[in-house]
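The structure appears right after this line, and notes come after that.
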Amino acid sequence: MTAVVELDHATIKIGGRTVLADASFAIKHGEFIGVLGPNGAGKTTLMRSILGLLPPSAGSLRVFGHTPRCGDRTIGYLPQLRTVLPDLRVRGLDFIGASLHGERWGVPHLSHHDRHMIEQTLAAVGARELAGRPLSQMSGGERQRLLLAQALIGNPKLLLLDEPLISLDARHQEVAIEVVRRVCRERGITVLFSAHELNQLLPAIDRVLYLGNGQAVLGTVDEVVTAPVLSRLYRTEIEVIRAGGHIFVMSHGSDVERADDHVHEHGDHDHGHHH
């Protein structure tokens, strides 16, 4: 069985800075992978490379056994910050419809098949009632479900979710993770889900991919979330504390995952690129 995403001694650079150096790992079919690491570790950059937007400068990166190509319909993508917010008067159904055929914003003529597929996808993420509502009348959590539905349209085989939890409160975060996990299990979709904080993802992930200091370590939580591995990736002495079903990643007495909570990856952004 070919790996869904495979890096073989891949080096990925952005603006002269090496984000990943000589990284090798393989993600299997149907895995739910949590992507973590310090700010600027390259979570967004890795997703852009998988999308074919940033080829490795050395080594190889293969998706479904091939060199990734832009606009591949087998990959669903939810970028981290929505720099291009659509016209908020647009109804949910039309927002998704517009993305279906890559039209400019404007209401495409949806076939019966398209409409059915959109309705099924909205229902799958628990957002059926959003079809007729304008975006301006949706909460952050509802809008996020709509964006998730948009990423799932066309039945992708691989789903890249870049920090989809950022604007959500704890309750909505749990719901979002649960929805993604359920839909992806049912459809056999492989998921890369990047987040700031490991604990939210613990119940859902099969393995964790930690990025940092140019390195990538993929394995189970027990293999990867250890003091020696994380100290190497964070370039500072890290202590890992397990308590009450939670894992705390500590440096000099403070929780490194919480400390930089809302500082976004500098220079690692996908400004204005609308995939």
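Report the residue count in the range 121-131 for those that are open to solvent by less than 50 Å² (accessible area, probe 1.4 Å) and either under 18 Å from Arg89 (Cβ atoms) or free of Cβ contacts under 8 Å to residues at least 40 places away in the same chain (or both).
Result for the range 121-131: 6.
So which residues in the range 34-85 are open to solvent by less than 50 Å² (accessible area, probe 1.4 Å), aliphatic (A, V, I, L, M) and either within 24 Å of Arg181 (Cβ to Cβ) or not in a strand (DSSP E or B) (or both), if there are any at all?
Within the range 34-85, Val35, Leu36, Ala41, Leu46, Met47, Ile50, Leu51, Leu53, Leu54, Val63, Ile75, Leu78 meet the criteria.
Provide a single number: the residues in the range 164-185 that are in contact with a Ser or Thr (Cβ under 9 Å, 6 or more places away or on another chain), surrounded by fewer than 20 Cβ atoms within 10 Å (Cβ to Cβ) and part of a loop (DSSP other than H, G, I, E, B).
0
Among the candidates Val208, Val240, Val224, which residue alone is on the phi < 0 side of the Ramachandran plot, modelled with pLDDT of 95 or more, touching a helix residue (DSSP H, G or I) at 6+ places or on another chain (Cβ under 7 Å) and open to solvent by less than 10 Å² (accessible area, probe 1.4 Å)?
Val208
Name the pairs: first residue in the range 36-50 and under 25 Å from Thr67 (Cβ atoms), second residue open to solvent by less than 10 Å² (accessible area, probe 1.4 Å) and at pLDDT below 90, Cβ to Cβ under 6 Å, at least 6 apart or on different chains?
Matching pairs, first to second residue: Thr44/Glu265; Thr44/Asp268; Thr45/Asp268.
Can you report the number of residues in the range 243-258 which are open to solvent by less than 50 Å² (accessible area, probe 1.4 Å) and free of Cβ contacts under 8 Å to residues at least 12 places away in the same chain?
Selection size over the range 243-258: 2.
Output the residues belonging to the range 10-24 that are within 13 Å of Val217 (Cα to Cα) and either without any contact (Cβ under 8 Å) to a residue 40 or more places away in the chain or open to solvent by 20 Å² or more (accessible area, probe 1.4 Å) (or both).
Within the range 10-24, Ala21, Asp22, Ser24 meet the criteria.
The values are calculated or read from the model by the stated rules, or taken from the named source; none is laboratory data. Given the structure is predicted, the values throughout are model-derived calculations rather than measurements. No Cβ is skipped: glycine too gets one built from the backbone with ideal geometry, and neighbour counts run over all protein chains shown. Each accessible area value is taken on the protein alone, full model and side chains, heavy atoms only, with ligands, DNA and RNA left out. Shrake-Rupley method; radii C 1.70, N 1.55, O 1.52, S 1.80 Å.
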